[in-house]
Amino acid sequence: MGIIDRREIVFDAKALVGVVTGSLHRAAAIGLPAVRPTGVDFGTQGKICFLYENHPIVCVVPQVLAALLVS
């Protein structure tokens, strides 16, 4: 049997904005606008919401965002 490595990785709001900004085309693939978010809100029913200046707030479930972070 292979080695299973399970770790918890924590990203703060600044890190998430940086990841999305650095991968705008990949962020667009998960439904985020292809522009830099201005902030992140972690408190909405288990979803992570990205805040944008000229766009509506866009919320994603952590599993979808995890795919972006891994890529």
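List of remarks:
- When exposed loop sites are taken as trypsin sites (Lys or Arg not before Pro) in a DSSP loop with at most 13 other Cβ atoms within 10 Å, the longest stretch of the chain clear of them is 8-71.
- Table column - 3J(HN,Hα) (Hz), region 21-30, Karplus curve with 6.51, -1.76, 1.60, x for Gly and Pro: 5, x, 9, 4, 5, 6, 4, 5, 5, 9
- Cα convex hull of region 1-63 - mean projected area over all directions, nm²: 5.5
- Förster radius 30 Å - calculated FRET efficiency between V35 and V61, Cβ distance, rounded to 0.05: 0.90
Every read-out reported here was derived from the displayed coordinates using simple, explicitly stated rules and does not represent laboratory data. Everything numeric here is computed off the predicted structure, so don't read it as measured data. For neighbour counting, all protein chains shown are included, and Cβ atoms are generated from backbone atoms with ideal geometry for every residue, glycine included.
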